[in-house]
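I have placed the structure first, in the form of C-alpha cells, so that the comments after it can refer back to it.
The values are calculated or read from the model by the stated rules, or taken from the named source; none is laboratory data. Computed from a predicted model, the values in this text were never measured in an experiment. Every residue, glycine among them, receives a Cβ derived from its backbone with ideal geometry; neighbour counts consider all protein chains shown. To get the accessible areas, we keep the full protein, side chains included, count just its heavy atoms, and leave off ligands, DNA and RNA. Shrake-Rupley method; radii C 1.70, N 1.55, O 1.52, S 1.80 Å.
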Amino acid sequence: MFARIRAVSSYLPEIVEKNAELIERRVIKKIGVEERHVVSKDEAASDLAVKAAEKLFDEYKINRDDIEFILLCVQHPDYLGPHTAAQIQARLKLSKNVGSMDISLGCSGYIYALATAKGLIETGLVKNVLLITSSVYTKYINARDLAIRPLFGDGATATWLEAVEESAENIRAFVFGTDGARFDKLYIPVGGSKFLPRDNPEIFETDAGGNVHSNYDIHMDGAALAYFTLHEIPKLIDDVLAKAKLTRADLDYCIFHQANKLILEYLRAKAALENVPYFNDISKSGNLISGSVPYAIEQVIKSVAPARLRKVLLTGFGVGLSWAGCVVDLSKIFQR
C-alpha cells in the first residue's frame, strides 16, 4: 500500500487588497502579485483551515467519517497551546478516534507534511490523512511595511491522501535541508518563549525606504532569502532527481513554492528547467507560505490533464531556513 494525493482544495479569505493601491506598477510586475486575500481581525488559522476542509469535502464528495488523521501545517496557531489541529477535529465534527497534529513549518512545510503523511500511511498506521495548510501571515506584517506587505496573502488548503494498492511509490525521493543559523532572515522577534510580550514593549523602527515595523512584526531580509534560494535550491533539485533516478527531460511539471515571480524566473534558469513546464503565478493570491505548493497544484490540474502529471517535481524553501523536495505522481488525482 502506498500513499497517493487524491484531491486538493483551497480557501482564500473574502477581503482583497489591491497592490496597485500600495506600490508602483513596475514593482508589481517584478514580484508578480496584483492582489492578495487577507484575513479580518477576527479570523484565525483554524477558521481558514475549516473552510478549506469543508470545501474539499463538498467538491470531491469525501466522507468526513473516513478521516483517520489530521495534519495541520501552521506557523501562527490560534493559541500557544493546545495544538490547533485538535480544534479542527471538533469543528469538523470528526470522530474522537482521529489523530491530530500541528507541524510548525512555513514555506517548506507542505513537502515535510507530505513526508509525514506518507509515513503514517505506508507504515500501516492509518489509511488516509487530511493534510491542511493555513497561513495568516498578514496579521504579523505591519501595514506600513511596503517592502513585505505586497508579497504575502492569507489562505488555507486541504489535501486528501489515502492508501492505494500500487506497484510503485506515488510520493517519493524526498530530500530535506535546514540552516538554522540563518533563522533571523525571516522571523518575528517577540512573541515566543524567548521574548515574552509582557516583558518586551513594542518598539517601532523605520528603514531607509520608509518602511515601518516593530519587534512584534515579521522581519524579512529579502536579499539574503534570494541568495539562499538561488544557492541551495538548484542543488536540492539535482539531489531529488538523482534520488528519483530521473533527468530533467523525464519531468512532466515543476511546482515550486511561490515566493515571487522574479525569484522563480531566476531559479528556473539557474536550475536549467527552461524546457520543463513550470508554474509561476501568484498574481491573485500572493505568497501563501506552506499553502503555496498545494494551491499551485490545484491551479495546475484545472488546465493540465492528470494523465500528463506522472512525474511532478515539488520543492519548498524559505523560513527556517528550511527546504525540501520530492517527486509526486498526480495522474490519478480526483477532478471536479
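Cα centroid distance between the range 7-25 and the range 35-108, in Å?
If we compute the Cα centre of each part, the gap is 21 Å.
Where does each of 72-84, 12-24, 222-234 land if you order them by average Cβ count within 10 Å, highest first? Mind showing how you got there, number by number?
Values: 72-84: 19.2, 12-24: 14.5, 222-234: 16.3.
Sorting 72-84, 12-24, 222-234 by mean packing, highest first, produces 72-84, 222-234, 12-24.
At 1.4 Å probe size, with every protein chain present, just tell me what the per residue accessible area of the range 48-123 comes to in Å². Walk me through the numbers before you get to the answer.
Details: 3310 Å² over 76 residues.
That works out to 44 Å² for each residue.
Putting +1 on Lys and Arg Cβ atoms and -1 on Asp and Glu Cβ atoms, find which of THR157, ALA168, ALA147 reaches farthest to the positive end of the dipole of the range 119-173.
ALA147
Given a 1.4 Å probe, how much area per residue of the range 184-247 is accessible, in Å²? If you can, show how the numbers build up before the last one.
Numbers: 3690 Å² over 64 residues.
Spelled out: the 1.4 Å probe surface of the range 184-247, per residue, equals 58 Å².
For ALA115 and LYS302, what is the calculated FRET efficiency with R₀ set at 22 Å and r taken between the beta-carbons, to the nearest 0.05? List each step's numbers first, then the result.
Working: r = 26 Å, r/R0 = 1.18.
That gives a FRET efficiency of 0.25.
Dipole of the range 1-121, Cα-centred, from +1 at each Lys and Arg C-beta and -1 at each Asp and Glu C-beta, to the nearest 20 debye?
Values: 17 positive and 17 negative charges, 83 e Å.
About 400 debye.
Mean Kyte-Doolittle hydropathy of -0.5 or higher plus an axial Cα length of 15 Å or more: which whole DSSP H helices in the chain meet both? Write down the numbers at each step before the final one.
Numbers: long enough: 45-60 (23 Å, -0.13); 109-122 (19 Å, 0.75); 222-244 (32 Å, 0.64); 292-303 (17 Å, 0.32).
Helix filter hits for the chain: 45-60, 109-122, 222-244, 292-303.
Quick one: pull the percent of accessible area on the range 57-187 belonging to carbon and sulfur, 1.4 Å probe, ligands and nucleic acids left out.
The nonpolar share, carbon plus sulfur, comes to 51 percent.
Nearest 5 is fine: what % of DSSP beta bridges in the chain come out antiparallel, could you say?
Working: 39 of 55 bridges.
Counting DSSP beta bridges with both partners in the chain, the antiparallel share is about 70 percent.
So, with +1 on the Cβ of K and R and -1 on the Cβ of D and E, and no other charges, what is the size of the charge dipole of the chain about its Cα centre, to the nearest 20 debye? Kindly include the intermediate steps, with their values, before the conclusion.
On the way: 40 positive and 42 negative charges, 139 e Å.
Dipole size: approximately 660 debye.
Here are a few candidate values for P(r) over Cα pairs in 20 Å bins from 0, in percent: (1) 32, 60, 8; (2) 31, 53, 15, 0; (3) 29, 61, 10, 0. Which one was actually calculated from the structure I just gave you?
Only one listed value fits the structure, namely (1).
Where in the range 235-271 does the label zone of TYR140 land, with the point 7 angstrom along Cα→C-beta and an amide N cut-off under 18 Å?
Once the point is set 7 Å along Cα→Cβ of TYR140, 258-259 turn out to lie under 18 Å by backbone N, inside the range 235-271.
Expressed in nm to one decimal, what extension gain is obtained for the pair GLU54 and TYR79 from 0.36 nm per residue of sequence separation less their Cα-Cα distance?
6.8 nm
For the chain, with the dipole built from +1 on Lys and Arg beta-carbon atoms and -1 on Asp and Glu ones, taken about the Cα centre, which of TYR253, GLY109, SER10 lies farthest toward the positive end?
In the chain, that residue is TYR253.
Could you work out the Rg to Rh ratio of the range 265-335, with Rh taken as the Kirkwood radius (inverse of the mean 1/r over all Cα pairs)?
Details: Rg = 12.7 Å, Rh = 13.4 Å.
Rg/Rh: 0.95.
Return, ordered by residue number, the residues of the range 253-273 whose backbone nitrogen is under 17 Å from a label point located 7 Å along Cα→Cβ of ALA168.
Answer for the range 253-273: 253.
As I understand it, the dipole of the chain uses +1 on the Cβ of Lys and Arg and -1 on the Cβ of Asp and Glu, about the Cα centre. Which of ALA305, PHE183, THR84 lies farthest toward its positive end?
Sorting the options by dipole projection puts first ALA305.
When Lys and Arg each count +1 and Asp and Glu each count -1, what net charge do the other residues less than 13 Å away from PRO77, Cβ to Cβ, add up to? Walk me through the numbers before you get to the answer.
Numbers: positive: LYS139; negative: ASP47, ASP78, ASP102.
Summing Lys and Arg as +1 and Asp and Glu as -1 gives -2.
Where does the charge balance sit around ARG182 when Lys and Arg score +1, Asp and Glu -1, over other residues with C-beta under 12 Å from its C-beta? Present the calculation step by step, with values, prior to reporting the outcome.
Working: positive: LYS185; negative: ASP179, ASP184, ASP221, GLU232.
Residues close to ARG182 contribute a combined charge of -3.
Apply the a/c threshold of 1.5 to the C-alpha gyration tensor of the range 40-91 and tell me whether it is rounded, prolate or oblate. The partial results should precede the final answer.
Values: a/c = 2.62, a/b = 1.52, b/c = 1.72.
Oblate shape, in that a/c is at least 1.5 and b/c is the bigger or equal ratio.
Suppose only helical runs count, i.e. DSSP H with n ≥ 4. What mean residue ellipticity at 222 nm does that imply for the chain under -39500 (n - 2.57) per run, divided by all residues and rounded to the nearest 500 deg cm²/dmol? Kindly include the intermediate steps, with their values, before the conclusion.
Details: 7 runs with 90 residues, N = 336.
When only DSSP H runs of four or more count, the value is -8500 deg cm²/dmol.
Work out the length of the dipole vector of the range 102-254 about its Cα centre, built from +1 on the beta-carbon of each Lys and Arg and -1 on the beta-carbon of each Asp and Glu, and round it to the nearest 20 debye. Mind dumping the intermediate values first?
Details: 14 positive and 21 negative charges, 13 e Å.
Once rounded to the nearest 20, the dipole reads 60 debye.
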